[in-house]
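Trainee: Here it is, the structure in full.
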Amino acid sequence: MLSANLSPARFTTTFFSMVMIAAFGLTARAQGSSDLSKTPYMDDWTHHHMVFSNPGTKEDAVRKGKLANWLRVTSDTRYQIQQGKRSHSDRQVVADRGRGDDYYRDAHDDRHKGKGHGGTTAPGIVKDWSVPIGSSASASLVLTIGTPSASTISSSSTLTLDGITFDAGAPTPETATIVFSFTRPATASAVTIGSIVYTFSTATISSAPASGCTVYSATFGTGATSLYQAITNTGTQGGTNYMCASGYTANAAVTATHTGGSSTINLTGVTAGPTGFTLSTSGTTNLTTNSTAGTWGVTSGTANPPTFAYLTGATTYVSSATLATNLATAINANTTTSGDLSAAANGSSLTLTANAGSAGNSITAAVANFTAVAVPGTGTFSGGITATVQPNTAPAKWGASLTTADCTNDFVVYPTGQPGAAGGANIIAYNKMYTTGCSGTVPSVYWAYNTGTGTTVTTSPIISPDGTKVAFIQSNGTNASLVIVKWASAPADSLTSPETLGTSNNIATCSAPCMTVTSLSSDDTYSSPYYDLITDSIYVGDDSGSLEKFTGVFYGTAVTTIAPVALGHTYALASPVYDPTSGCVFVGDIQGYLYKANSGWAGTVCTSTTFSTKATSAILGNGSANAGIFDGVLLDSTAQTVYAFVTASAVINKTGTCASGNNCVVEFPTSFAAAASPSYVQPLGAGALNYNLYDGTFDNVYYSSTDGTGNLYSVGPNNINTAAGLLRIPVSTGGVLGAPVTAVSGLTTTSGSRTPWPSPVTEFCNGTCGSDGTKTTNGTDYVFFSVYRGAITGGPSNCTNSSGNGCIYSYNITTPAAPVLGGGHNYTAPPNPGCWATGAIVIDNSATLTGASQIYFVNLNGAAAGGPNGLTSSACTTGSGVTLYAIQATQSNP
């Protein structure tokens, strides 16, 4: 373990680096490899963003006048770990490369049935694990239904729920129509309405009948007009109109309407209810009648406005249980409210449950003129939580050795994506991860903590180099904090029974488990913390556009906050990446600016010893929210180049074209000046607002090169109804980006409304990795990523392109021009139009123990990606009532 007494200020950069190397037992491969058996390692999000192409030999560096840079690169711990992973014999990849996917699938199925893959001599069976880490809970509200009566409910009573007003279903009368045909009613034919008989006559009328009315019907038109006049007792009696018996005033059973010249009379009963009035005809086929019975009120969620019944008679009210049932029926049938919540009657209560986690906490219920329903408190739903993480969130893996799997000391940390609570961990770690060789439950909870009630961890955690501490950002949706945890093994902990940690001002001396919590100056939606080992500092971006710095984070006696640097705009920042060679910090924002800031570390080309802004690029996005940079840059510290992946860009023309609306990869030198344009730009297919693009990755050819040549991989295009492919961007001498080539097409299909929703792409070369400059000659080079509805022709049979499914792919890119599918696995995703299926991927250690050469990621399992401030993308389908899973899967068949 690094001594807490080592103060970075006492050493030059190079000397301090050497101290750290000694602490880790690491020596640069370029300087000659040492024994790696006791070398600890980390794999977290930072190791896939700070990368190193081959710095060459010391002699080459001296000849080129770049010895200082060479020393910085080769003494960097991340470089040491990167080279250690690529510099020894093949790790065991569990799936047999000589077998087809049916073998992988069968072995996977047998494992879940508790069987071996009988009769085979394969080098291993497909082994992985999946454990729940975070659960969503629905907001709810219970309404108490009292006894309906004349004093508690009426036709003016309303229930307003989720902005929709439901009206008490007032009683309705019978309605009817009488329609005359084009032939006049015959003499002596009749229609009866209520108790009155109306008899038709084709001759003029000169005397009143003994009862009822006589109606003139020389034509169908005059028949309709005369009948209407008779019903309403209007117009002049006698002659060519009508004449009624003495004492008749009007038909008391109905009201009638008629438009002059029309052949239709509309009738409405005077008394409401289903009994209605009599309507019949006799002796004529020259008119038709049609009636609709009245009601004591209806329950209809689709009426405008929606209604619920409350009567069974003129003065008879439904029971409280029936009223609850009627309300539930209307709410569940309404197309607006049913999308957000459901209702269930339970005797004389009505339980309303939101469909979407914490978003349901904003739903309200209110009544008016309706004392039969009691609404608790302010009528606001409560109790809803959403377990979710950002789409580029990665777990963090620590191993005690680069070559040996350790069941006790190796561990992986996952954010749970759920609010911390006495009954819910917001951060959790597992050990005993290796299926063969580890006893007991695989995996086992190493520790589980609630580090802040109501706070969630939705971005990537990091682990201290010695593995004793963990750092992450937590937020309650308004304020964010940097948390440093000194953990202690606690097998009794669990996801639902975590330890609630107390805070300390001195992480070095507090007794584990303990933590320090340091507030950010603003909330943090997208940014994960980045650790600089040289100065024991953490950098993180916030939502106000400021870069924040904290020192003494892992090995100091107290975490010190350095005044944040406002980078020039107020847009939320992605994750920063610190470059130990230039001494600069690089970070993008969600509207497309790329920033370079002085780290404040003296002796580097970012020469200022003040933590401050150095340069800001020209805007790379189109100036709209959700059209910019959402991920940490790829930074090659050897080549001193920065690559940013831009969502829905502006028009960028610089040695390549990226038209407006396309996703793009842009390249800058680390020395870029203010308002600089990229050195190189290449399009990655059509993009769109809210379809965030995350980082691609370089291949082993690039990592092995000394002249910046190789390939950069991404997935695109990333917009609605477009099939995604694996794109390969050639990188030629000096880091020149070539036009993208579709390495694999048809990763997704276009039928139906969907987008690929690709995760970040992760590369890992398994074995003693070498290159001839065009392909990997030693080792096996893989890329890993997930997409929504992935089902490539000839691809893994356990992936499907139906709604609600995602696929994680493994591709062997040892020969870049001819990628080979390693395998795939289906994971639940939200239904169309979908959302991200998984988070980002980290890689296991290099042990040959079966089950130890794996990948790790979060399966969103149908939850929509996001954070405490809501969904990452408004284009996502809202997830509901789901549980996130921590996944370990094989490299060749994830």
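Trainee: Check off (1) in contact with a helix residue (DSSP H, G or I) (Cβ under 9 Å, 6 or more places away or on another chain); (2) assigned to a loop (DSSP other than H, G, I, E, B) for T152 and give me the number that stays unchecked.
Mentor: (1)
Trainee: If you check A245, A256, A250, A293, which single one turns out to be touching a Leu at 6+ places or on another chain (Cβ under 9 Å) and open to solvent by less than 70 Å² (accessible area, probe 1.4 Å)?
Mentor: A256
Trainee: Would you tally the residues in the stretch 864-894 being part of a strand (DSSP E or B) and closer than 30 Å to N812 by Cα?
Mentor: Qualifying residue count for the region: 7.
Trainee: A further question follows. Hey, does the stretch 487-502 have a residue that's open to solvent by 10 Å² or more (accessible area, probe 1.4 Å), β-branched (V, I, T), farther than 30 Å from G568 by Cα and out of contact with any Lys or Arg (no Cβ under 6 Å at 6 or more places or on another chain)?
Mentor: yes
Trainee: Take the conditions open to solvent by less than 10 Å² (accessible area, probe 1.4 Å), small (G, A, S), closer than 25 Å to G556 by Cβ and not in a loop (DSSP other than H, G, I, E, B) and apply them to A429. Does it pass?
Mentor: yes
Trainee: From the residues in the stretch 614-644 that are in a strand (DSSP E or B) and at pLDDT below 95, which one is farthest from T581 (Cα to Cα)?
Mentor: The residue in question is G621.
Trainee: Among the numbered criteria (1) out of contact with any Phe, Trp or Tyr (no Cβ under 8 Å at 6 or more places or on another chain); (2) surrounded by fewer than 23 Cβ atoms within 10 Å (Cβ to Cβ); (3) in a loop (DSSP other than H, G, I, E, B), which one does T535 miss?
Mentor: So the condition that T535 fails would be (1).
Trainee: Report, by residue number, each residue of the stretch 675-725 that is among the aromatic types (F, W, Y) and either over 30 Å from G866 (Cβ atoms) or outside any strand (DSSP E or B) (or both).
Mentor: Of everything in the stretch 675-725, those that are among the aromatic types (F, W, Y) and either over 30 Å from G866 (Cβ atoms) or outside any strand (DSSP E or B) (or both) turn out to be Y680, Y691, Y694, Y702, Y703.
Trainee: Consider T315 carefully, then state whether it is modelled with pLDDT under 95, in a loop (DSSP other than H, G, I, E, B) and out of contact with any Leu (no Cβ under 7 Å at 6 or more places or on another chain).
Mentor: Here the answer is yes, as T315 does meet what is asked.
Trainee: Can you tell me which condition K596 does not meet? The list is (1) outside any strand (DSSP E or B); (2) at pLDDT 95 or above; (3) farther than 29 Å from G417 by Cα, and all the others hold.
Mentor: Single failed check for K596: (1).
Trainee: Another question about this same structure. Quick check on my filter: what residues within the stretch 818-830 are under 27 Å from G770 (Cβ atoms), touching a residue at least 60 places away in the same chain (Cβ under 8 Å) and outside any strand (DSSP E or B)?
Mentor: Within the stretch 818-830, just P819 meets the criteria.
Trainee: Considering only the stretch 756-772, state which residues are in a strand (DSSP E or B) and more than 23 Å from S745 (Cβ to Cβ).
Mentor: Selection gives F764, C765, N766, G767, T768, C769, G770, S771.
Trainee: Select, from F672, F668, the only residue that is assigned to a loop (DSSP other than H, G, I, E, B) and either modelled with pLDDT of 95 or more or over 29 Å from the mean Cα position of the chain (by Cα) (or both).
Mentor: Only one candidate qualifies: F672.
Trainee: While we're on this one: Given the conditions (1) open to solvent by 60 Å² or more (accessible area, probe 1.4 Å); (2) assigned to a loop (DSSP other than H, G, I, E, B), which single one is not true for G276?
Mentor: Of everything listed in (1) open to solvent by 60 Å² or more (accessible area, probe 1.4 Å); (2) assigned to a loop (DSSP other than H, G, I, E, B), G276 misses just condition (1).
Trainee: Could you list all residues from the stretch 481-532 that are in a loop (DSSP other than H, G, I, E, B) and of a type in the set (A, V, I, L, M, F, W, C)?
Mentor: W487, A488, A490, A492, L495, L501, I507, A508, C510, A512, L520, listed by residue number.
Trainee: Still on this structure, I have one more. From the list T271, T255, T199, T234, which one is among the hydroxyl-bearing types (S, T, Y) and part of a loop (DSSP other than H, G, I, E, B)?
Mentor: After ruling out the rest, the residue left standing is T234.
Trainee: If you take the residues of the stretch 376-390 that are part of a loop (DSSP other than H, G, I, E, B) and modelled with pLDDT under 90, which of them is surrounded by the fewest Cβ atoms within 10 Å (Cβ to Cβ)?
Mentor: G383
Trainee: Could we say that S608 is part of a loop (DSSP other than H, G, I, E, B), more than 22 Å from Y531 (Cβ to Cβ), open to solvent by 10 Å² or more (accessible area, probe 1.4 Å) and of a type in the set (G, A, S) here?
Mentor: Taking the combined requirement at face value, the residue does not satisfy it.
Trainee: Continuing with this model, one more query. Quick test for you: out of V389, V373, V413, pick the one residue that is over 19 Å from S489 (Cβ atoms), of a type in the set (V, I, T) and either out of contact with any Ser or Thr (no Cβ under 7 Å at 6 or more places or on another chain) or without any contact (Cβ under 8 Å) to a residue 24 or more places away in the chain (or both).
Mentor: Within the list V389, V373, V413, the selection yields V373.
Trainee: For residues that are within 19 Å of P391 (Cα to Cα), open to solvent by 10 Å² or more (accessible area, probe 1.4 Å) and not hydroxyl-bearing (S, T, Y), scanning just the stretch 675-701, find the one that is nearest to the chain's Cα centre (by Cα).
Mentor: Step by step, filter the stretch 675-701, then rank; the result is N690.
Trainee: Then there is this: Can G437 be described as under 26 Å from P465 (Cβ atoms) and more than 32 Å from the chain's Cα centre (by Cα)?
Mentor: yes
Trainee: Continuing with this model, one more query. Just name the residue that is farthest from L352 (Cα to Cα) out of those in the stretch 136-178 that are open to solvent by less than 50 Å² (accessible area, probe 1.4 Å) and β-branched (V, I, T).
Mentor: Step by step, filter the stretch 136-178, then rank; the result is I178.
Trainee: Between a first residue in the stretch 504-528 that is among the hydrophobic types (A, V, I, L, M, F, W, C) and a second residue that is open to solvent by less than 10 Å² (accessible area, probe 1.4 Å) and at pLDDT below 95, which pairs have beta carbons less than 6 Å apart while being 6 or more apart in sequence or on different chains?
Mentor: none
Trainee: If we scan the stretch 402-422, do we find a residue that is open to solvent by less than 10 Å² (accessible area, probe 1.4 Å) and over 28 Å from V540 (Cα atoms)?
Mentor: Checking the stretch 402-422: at least one residue is open to solvent by less than 10 Å² (accessible area, probe 1.4 Å) and over 28 Å from V540 (Cα atoms).
The values are calculated or read from the model by the stated rules, or taken from the named source; none is laboratory data. Being a predicted model, the structure only gives us computed values, none of them experimental. In this analysis, Cβ positions are derived from the backbone assuming ideal geometry, glycine residues included, and neighbour counts consider all displayed protein chains. Accessible surface areas use protein heavy atoms only, side chains included; no ligands, DNA or RNA. Shrake-Rupley method; radii C 1.70, N 1.55, O 1.52, S 1.80 Å.
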